[in-house]
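The values are calculated or read from the model by the stated rules, or taken from the named source; none is laboratory data. No experiment lies behind these values; they were computed from the predicted model shown. Glycine gets a Cβ as well: all are built from the backbone with ideal geometry, and neighbour counts include every protein chain shown.
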Amino acid sequence: MLEIRDLYASVDGNEILKGINLHVKKGEIHAIMGPNGSGKSTLAKVLAGHPAYEVTRGEVIYEGKNLLEMSPDERAREGVFMAFQYPIEVPGVSNAQFLRLAYNEKRRHLGEEELDPLEFKDLLKQRAKVVEMDASLMNRSVNEGFSGGEKKRNEILQMAVLEPRLSILDETDSGLDIDALRIVANGVNQLHGPNTAMLVVTHYQRLLNYIVPDFVHVLSQGRIVREGGKELALELEQKGYDWLKASNGGPNGLGVTAN
Amino acid sequence: MLTEISTPETFTEEAFHAFHSRNVAPVPTWLESLRKNGWRRFADVGFPSVKEEEWKYTNVAPLIKTRFDLRDADNTSSIDSASLYCAEAENSTAVFVGNRFREDASKFGAVPDGVAIVDIVKAANDPKYSEVVRQHLGSVVDYVANPFTALNTAFLSSGGVLIYVPRDVKLETPLSLSFLPDASRKAPVAFPRVLIIAEQGSELTLIENYTSSSDATYFTNAVVEIVLHDNARVEHLKLQREGKEAFHVASTAVALGPNSFYNTTTINMGAKLSRHDIRVTFAAEGAECRVDGLYLVTDDQHTDTHSVIDHAKPNCSSHQLYKGILDGRSRAVFNGKIFVRHDAQKTDAMQTNKNLLLSNEARVDTKPQLEILADDVKCAHGAAVGQIDEEELFYLQTRGLPPDVGRNLLTYGFAEEIVAKINFDSIKRQLNESVLNRLQAQFES
C-alpha cells in the first residue's frame, strides 16, 4: 500500500529526514517511535503534504501512485488521512457542516452521489458512536472550545466518516488521560481492517498497549535505527531512548534496516 | 479646484429652494427652520475633505464630481418588488422609492393598532404626532457635526417616516423598511429620514434594507434617529446592499433611556463608496447595547464605519464587534470611539474590530479608541488584521477540501459570528450565499 524509498526532507533549509525506507502492506499497523526531534512528526506531515516541508530526495508510492505529486487534498480524497497532534480550530464552521463537506467532496471524487444534510446526519450519528462522541459537539464550531480529549476524539470521528485506507496518527495519545486514550484507541481499532493500514506515530509505548502494532520502527536523527515487532516498543519503554544512543554503534545498530 | 469642491453643482441654494417649492404640502414653521438650519450648516462647511480627521481615509471627491438629479421620483412608477419583501416581515413592510414613501406598495397588515408609520411631513402636521416629531427630529442626530446629516436635514421631505410605538406595545412581526433608488431618472438622490420613538416598555424589530441590483449611479443620503424610552427594546438590522455604482452615506443616532436595550447589526456590502456613522448615547442608567457589523467589499469598493458609543450615565454596558472581509483592491475604514464620561461609573464597554484580507491589494485602516474619564469601569478594545491562516487551510485540505473550497469555508466561518446574529432565515440564507458566491466568482475568474 505504501512504499517509502530513501526519503529526505527538510524544513527551512534544515534537513530532518535523512533517508527513510518503509514498506507498509494492507492490514498492517506500523508504529513509528523515537525521541523528540527524531523526525517522526515530520514524516507524518510529509506524507500528508504539509507545504512547509520540502522533499529533497526519494519517493513515496501509495497504491501504485506517486504520492508526492499529489496535493494534500488529493491525497485525502485518495484515502490518506492524518490525525493531527494539534487539531486546528475552525471558528464559525460547525463540525457537522465541515464533515459533510469533506465527506461529499470524497464521494464526488469517487463518482458517488452526495448525501443531503438529513442523510448525512444519520451517518454522522452512527459514526459518532465509534468514539462515544456527544451529539452536542456536532453543532459546535470545529474543535473550537473543545478539550484536548474532545479534539483527539474529533480527529478519529473524522477518520470514521472519511474511511481512509491509510491512516497516519500523529501523537494521538499526547494530552489524553487514560479513559480518553482507551476510547480513542478503541475507535481506531474499530476502523482498522484487512484493507486498511496505519502508521502510528508516538513517543510513548502506552498507546501501543491499545493499538497493537505489527511492526515498530525507531527513528533517530532522521533515520530508522531499529526495527522489530511490538516487543521493541516494550524494550524502549524499559530502557529509554538513551539506550539507543549507547548501543547505536553502526548505522543500523541492532536493527534490520538496510539503509 | 477647491472652489469646485466647496460649491458642488447639484447642491446649490437654488436647488435647495427649487426642491422644496416642488413639494406643495405645507410644513410647520419649526420644520421649515430645521431645514433652513440644515441647509445653512451644509452651505457653510460644504462636503468634507480628507484634511478633516473624521474623513481622513474617505475621499468623497467622486461623489462631489457627480452631477445628481434632485427631482422627485415619479409617484406611480412601478416597483421591482422581488427584493423588497422578506418572508419574516410579511405584511409589515414600508416601501420607499427615491424621495417618496410609497404607501401604495407598503403592507402593514401585521402591524398592531396604535403603531404609527406615517410620512414625516404628514406627521409634523398631524396634531397627534406633531409634538413628538418636533421634540425629537434633528435632536438625536447632530447635523452640525456631519455635513451629510446637515444635507439630509436640509432636504427633509416625504422620503421620511415617523415610526411611533406606543407604551407597552410589542411588535411580533419585524418591521421592514425597504429603500429603492428611483429608476426613472439618471443619477437620482434620495434623502431617507427615519424617526423612531419606542415608548416605555415597547418592543420593535426593525429591518432597514437598502437593496438594488441596478448598475446605475445614485446617491442615498440617509439619517435614522431612534429614541428608546424606559425598558424599551429595539432590534435593528441594517442591510446595505446598494448597487455597485451607488454612493451610500448614512447616519444612525440612538438615544437610550433607562434600562432600555438596543441591539443592532449592520451589513455593509454594496455601493462603490459607503460611509456609516453610528452613534449610541446612554442618556440614562441601566441601558445596554450591542453594536455589531460586517463589511464585505471587493474590487474598488470603499466602505467606512465611524462609530461613537457615548457612556454619559452610570451602570450601562455596550458590546461592539465589527468584522471586515476585504478582497480585490477594496478599502475599509473602521473608527470606533467609546467615551466614558466622568460620572459614568460601573460602565462595561467592549469593542473589537477584526479584518480578514483576502488579497494583497486590499487595505484597511482601523482605529479603536477609548476615552475614559470615570475610574470604576470595565473597558476593553482591540483590532486585528489578518489573512487566511495557512495551517487552517492545510487542515481542511487534509480532509479532502480543495484550497479554494477551504478558503471559502474559512471566510464563511469568519463572517459567521456576525451573520449568526441575524434571526431571519431568508436574509441569513441570502447573506451566506452572497458570501460564498462572491468568493466563488473570484476563484473561477
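Restricting the search to region A:162-191, which residues are within 14 Å of another protein chain (Cβ to nearest Cβ) and either crowded, with 21+ Cβ neighbours inside 10 Å or free of Cβ contacts under 8 Å to residues at least 24 places away in the same chain (or both)?
If the condition is that a residue be within 14 Å of another protein chain (Cβ to nearest Cβ) and either crowded, with 21+ Cβ neighbours inside 10 Å or free of Cβ contacts under 8 Å to residues at least 24 places away in the same chain (or both), then A:LEU162, A:PRO164, A:LEU166, A:SER167, A:ILE168, A:LEU169, A:ASP170 are the ones that fit.
I need the full set of residues from region B:264-295 which are of a type in the set (Lys, Arg) and assigned by TED's automatic domain parsing to the domain that holds B:SER212, in order please. Full working, then the answer.
Here is the first cut: in region B:264-295, the ones of a type in the set (Lys, Arg) are B:272, B:275, B:279, B:290.
Matches in region B:264-295: B:LYS272, B:ARG275, B:ARG279.
Just checking, which of A:LEU43, A:LEU47 is surrounded by 22 or more Cβ atoms within 10 Å (Cβ to Cβ), away from chain B (no Cβ under 14 Å), in a helix (DSSP H, G or I) and of a type in the set (A, V, I, L, M)?
Result of the check over A:LEU43, A:LEU47: A:LEU43.
Does B:GLY386 satisfy the criteria of being surrounded by fewer than 16 Cβ atoms within 10 Å (Cβ to Cβ), more than 11 Å from chain A (Cβ to nearest Cβ) and closer than 30 Å to A:ARG77 by Cα?
Working: surrounded by fewer than 16 Cβ atoms within 10 Å (Cβ to Cβ): yes; more than 11 Å from chain A (Cβ to nearest Cβ): yes; closer than 30 Å to A:ARG77 by Cα: yes.
Answer is yes for this residue.
Looking at region B:125-134, is at least one residue modelled with pLDDT of 95 or more, buried (at least 24 other Cβ atoms within 10 Å of the Cβ) and closer than 29 Å to B:ALA15 by Cα?
yes
The rows are residues; the columns are (1) among the polar types (S, T, N, Q); (2) in contact (Cβ under 8 Å) with a residue 12 or more places away in the chain; (3) touching a helix residue (DSSP H, G or I) at 6+ places or on another chain (Cβ under 6 Å).
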| residue | (1), (2), (3) |
| --- | --- |
| B:PHE68 | no, yes, no |
| B:GLY98 | no, yes, no |
| B:VAL111 | no, yes, no |
| B:VAL115 | no, yes, no |
| B:GLN135 | yes, no, no |
| B:THR153 | yes, yes, yes |
| B:GLY160 | no, yes, yes |
| B:GLU172 | no, yes, no |
| B:LEU175 | no, yes, no |
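Which one of A:PRO87, A:PRO91 is within 7 Å of another protein chain (Cβ to nearest Cβ) and either touching a helix residue (DSSP H, G or I) at 6+ places or on another chain (Cβ under 6 Å) or not in a strand (DSSP E or B) (or both)? Break it down stepwise before answering.
On the way: A:PRO87 fails: within 7 Å of another protein chain (Cβ to nearest Cβ).
From the options A:PRO87, A:PRO91, the qualifying one is A:PRO91.
If we keep just the residues of region A:63-84 that are among the basic types (Lys, Arg) and at the interface with chain B (Cβ under 9 Å from one of its Cβ atoms), which is nearest to A:VAL201 (Cα to Cα)?
Result: A:ARG75.
A:LYS65 is checked against (1) surrounded by fewer than 24 Cβ atoms within 10 Å (Cβ to Cβ); (2) at pLDDT below 95; (3) of a type in the set (Lys, Arg); (4) over 24 Å from B:TYR412 (Cα atoms) and fails just one. What number does that condition carry?
(2)
Condition check ((1) over 20 Å from the mean Cα position of the chain (by Cα); (2) assigned to a strand (DSSP E or B); (3) of a type in the set (A, V, I, L, M)) across all residues:
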residue: B:THR10; (1), (2), (3): yes, no, no
residue: B:ASN23; (1), (2), (3): yes, no, no
residue: B:LEU34; (1), (2), (3): yes, no, yes
residue: B:ARG41; (1), (2), (3): yes, no, no
residue: B:LYS51; (1), (2), (3): yes, no, no
residue: B:GLU54; (1), (2), (3): no, no, no
residue: B:SER78; (1), (2), (3): yes, no, no
residue: B:LEU84; (1), (2), (3): no, no, yes
residue: B:PHE101; (1), (2), (3): no, yes, no
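Give me a count of the residues in region B:408-418 that are in contact with a Lys or Arg (Cβ under 7 Å, 6 or more places away or on another chain), crowded, with 21+ Cβ neighbours inside 10 Å and facing chain A (nearest Cβ under 9 Å).
2
Sort through A:PRO194, A:PRO251 and tell me the only one that's at pLDDT 95 or above, of a type outside the set (A, V, I, L, M) and exposed (fewer than 14 other Cβ atoms within 10 Å of the Cβ).
Answer to the selection: A:PRO194.
Is there a residue in region A:96-105 that is touching a residue at least 40 places away in the same chain (Cβ under 8 Å), of a type in the set (Gly, Ala, Ser) and touching a Gly at 6+ places or on another chain (Cβ under 9 Å)?
yes
If we keep just the residues of region B:343-360 that are within 20 Å of B:ASP389 (Cβ to Cβ) and assigned to a loop (DSSP other than H, G, I, E, B), which is farthest from the chain's Cα centre (by Cα)?
Filtering first and then ranking leaves B:ASN360.
Conditions first: (1) out of contact with any Gly (no Cβ under 6 Å at 6 or more places or on another chain); (2) closer than 24 Å to B:HIS248 by Cα; (3) crowded, with 20+ Cβ neighbours inside 10 Å. B:ASP300 passes all but one, so which condition is the exception?
Result: B:ASP300 passes all but (3).
When you look at B:SER434, is it more than 9 Å from every other protein chain (Cβ to nearest Cβ), farther than 30 Å from B:PRO314 by Cβ and not in a loop (DSSP other than H, G, I, E, B), yes or no?
The answer is yes for B:SER434.
Return the total of residues in region A:139-158 being in contact (Cβ under 8 Å) with a residue 24 or more places away in the chain, surrounded by 16 or more Cβ atoms within 10 Å (Cβ to Cβ) and in a helix (DSSP H, G or I).
Qualifying residue count for the region: 9.
Condition (residue is part of a loop (DSSP other than H, G, I, E, B), more than 9 Å from chain B (Cβ to nearest Cβ) and in contact (Cβ under 8 Å) with a residue 12 or more places away in the chain) applied to region A:124-138: is it met by at least one residue?
yes
What about B:LYS122, is it without any contact (Cβ under 8 Å) to a residue 40 or more places away in the chain, surrounded by fewer than 23 Cβ atoms within 10 Å (Cβ to Cβ) and of a type in the set (Lys, Arg)?
Taking the combined requirement at face value, the residue does not satisfy it.
Can you tell which of B:VAL405, B:VAL364 is of a type in the set (A, V, I, L, M), more than 14 Å from every other protein chain (Cβ to nearest Cβ) and either buried (at least 19 other Cβ atoms within 10 Å of the Cβ) or part of a helix (DSSP H, G or I) (or both)?
The conditions single out B:VAL364.
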